[in-house]
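The values are calculated or read from the model by the stated rules, or taken from the named source; none is laboratory data. Just so it is clear, the structure is predicted and the values come from calculations on it, not from any experiment. A quick note on method: Cβ atoms are made from the backbone with ideal geometry, for glycine too, and the neighbour counts reach across all protein chains shown.
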Amino acid sequence: MIRSSILCVSLAFGSILLAGVGQPMHGQEGPSVQQSIEAAQAGLRHRRYLQSIRTLEDSLQRFPGNTQLRLELGRAYIYQRQDGKAMEVFRAILRDDPSNREATLELARVLSFDGKYEAANQLFHELLATNPNDEAAAIGLVRNLLFQKKKGEARSEVEQALAHHPNSLRLQEYRDDLLKNQLPVAAAREGSAPDRLQAEAIYFGDSAGNRAFRAGQRFDLQLGGNLTNSFRLDEKSLWVMQEPKANIFSVQDEGRVRLGRRLFVGGGGGIVRFADNSSRVLYHGGLILHPIRNFWLQGGFSRIPITPTFQSAQFDLLAEGWWSRLDWQPPSWRVSVGFSKQHYSDSNRTQREDAEVLRWFGNPNFSAGLGYQYAHSSFTQTFANGYFNPNQYHRHLGLGGFRLEIGKFYRGEYIAEYGAEKFDQDLYRTAWEAAVKNRFLLGKLEMGADYTYFHLAQSTGAFRAQVVLVSVAYRF
């Protein structure tokens, strides 16, 4: 379960309980306490964490010992990533009232965030012993067992919990993951063309409830015979179900210079503004070798943002490192090989390799294709930061499909991939995906409508996802 989703559910639940838990103990205390909590929760929804903390601390000076104020202060500390202070608050509440369910649940959650799964599990078990119908405690316990890779215990707990909560979407997703033994997907590529203005919109949704929408504008311009420039703006929104959105904005510019008949050098930079309004510099540079027609060999060094999920957006993640790619695309073939080695800003390190070979049979109007795709990634550490990070991941897929052209108006490509994938030392399991790409050409105007369905490991923590892409480009 995503840390931010847990916090937002707690925030919403706290709002619902205000009328009951925050009832006045004295003549004028109730309304003042309630107003303070409502103001603090409004600040949390708008990510004004320090302001919310100050509001609650000031209110506690006037109403010391108020349990609901202390609970909200602990939650605000979690949003500000002050987990130590949050635990002190919840433990103080439990010293005064050992049976306080909310303080026990929040303490268990913050212990889980810090990787102290056994201590958190003990608290979840205590809550379930008191009330077997406690859905939040059951979800927290199953989540921890999955992170601990205790699949047998997780399967037992999720079945018991579903007996009490058969309509719980989160528990159903955990059960599906355990039954299918599948985990997290990765990657899209973008091309460029000189003298081109393009706008695109992409929607992503997966079976874990993650959603993303990205709108981008790109302007590619040929400046003389040896220089091209590409300028890009992107805005990405990430959310989970009904939670608040994390909005990320980036701007980048890249120039490419021809140094000789077969050699190009490119470089550029930009800036990304994360959801908490902090900004980071982006950069990239590389060489491109084009020794023969339809063959490219390129490589370089770059820093890019890592934001596949709402959860990952909370950590302002960047990846910095080397990459290389080989592409060979004669009329009847498509061959590509890629390699990257990156250092993540949360101290993780990753290495990725991928390859694809596809052979087309037929003519330009209609052709069928067969091929093979391979992907491998590895991470040095396993974090819960919302990106794809089992220690080892391998995927082998067979490709099949067809492409067609209708005059100069339409080009389509329909591809299905089927094969197997594995995580760490687990056995291989079935994986597949299907993609439809459509291009409509109207003079200098090009429109695209793509759809992809994944049933394989996802970078979002799910194993099923759908992606829709719509684009419009004008070529000068």
Pairs where the first residue, in the range 53-74, is more than 22 Å from Leu105 (Cα to Cα) and the second is among the charged types (D, E, K, R), C-beta under 8 Å, 6+ apart: Phe63/Glu29
The lone exception for Val281 - which of (1) β-branched (Val, Ile, Thr); (2) at pLDDT 95 or above; (3) not in a strand (DSSP E or B) it fails: (3)
Residue within the range 245-268 that is assigned to a strand (DSSP E or B), among the polar types (S, T, N, Q) and either more than 18 Å from Ala319 (Cβ to Cβ) or not assigned by TED's automatic domain parsing to the domain that holds Arg232 (or both) present: yes
Which listed residue is within 23 Å of the chain's Cα centre (by Cα) and either surrounded by 14 or more Cβ atoms within 10 Å (Cβ to Cβ) or within 22 Å of Arg196 (Cβ to Cβ) (or both), from Phe388, Phe476, Phe440, Phe402: Phe388
Of residues in the range 269-278 being in contact with a Lys or Arg (Cβ under 9 Å, 6 or more places away or on another chain) and not in a strand (DSSP E or B), the one farthest from Phe249 (Cα to Cα): Asp276
Matching residues in the range 244-279 - criterion: being in contact with a Phe, Trp or Tyr (Cβ under 7 Å, 6 or more places away or on another chain) and of a type in the set (D, E, K, R): Lys245, Asp253, Arg256, Arg258, Arg273
Hits in the range 98-138 (condition: closer than 20 Å to Met87 by Cα and of a type in the set (A, V, I, L, M)): Ala103, Leu105, Leu107, Ala108, Val110, Leu111, Ala119, Ala120, Leu123, Leu127, Ala136, Ala137
The range 387-411, residues that are small (Gly, Ala, Ser) and modelled with pLDDT under 95: Gly407
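For every residue, the table says whether it meets (1) surrounded by 16 or more Cβ atoms within 10 Å (Cβ to Cβ); (2) in a strand (DSSP E or B); (3) in the same structural domain as Asp206 (by TED's automatic domain parsing); (4) among the aromatic types (Phe, Trp, Tyr).
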site: Gly398; (1), (2), (3), (4): no, yes, yes, no
site: Lys408; (1), (2), (3), (4): no, no, yes, no
site: Glu417; (1), (2), (3), (4): yes, yes, yes, no
site: Trp432; (1), (2), (3), (4): yes, yes, yes, yes
Residue in the range 219-237 that is farthest from the chain's Cα centre (by Cα), counting only those that are buried (at least 19 other Cβ atoms within 10 Å of the Cβ) and at pLDDT below 95: Thr228
The one condition in (1) touching a strand residue (DSSP E or B) at 6+ places or on another chain (Cβ under 8 Å); (2) under 30 Å from Asn144 (Cα atoms); (3) modelled with pLDDT of 80 or more that Arg214 fails to fulfil: (2)
Single condition Pro330 does not satisfy, out of (1) under 22 Å from Ser230 (Cα atoms); (2) surrounded by fewer than 19 Cβ atoms within 10 Å (Cβ to Cβ): (1)
Candidates Arg303, Arg293, Arg325 - the one that is of a type in the set (D, E, K, R) and surrounded by 19 or more Cβ atoms within 10 Å (Cβ to Cβ): Arg303
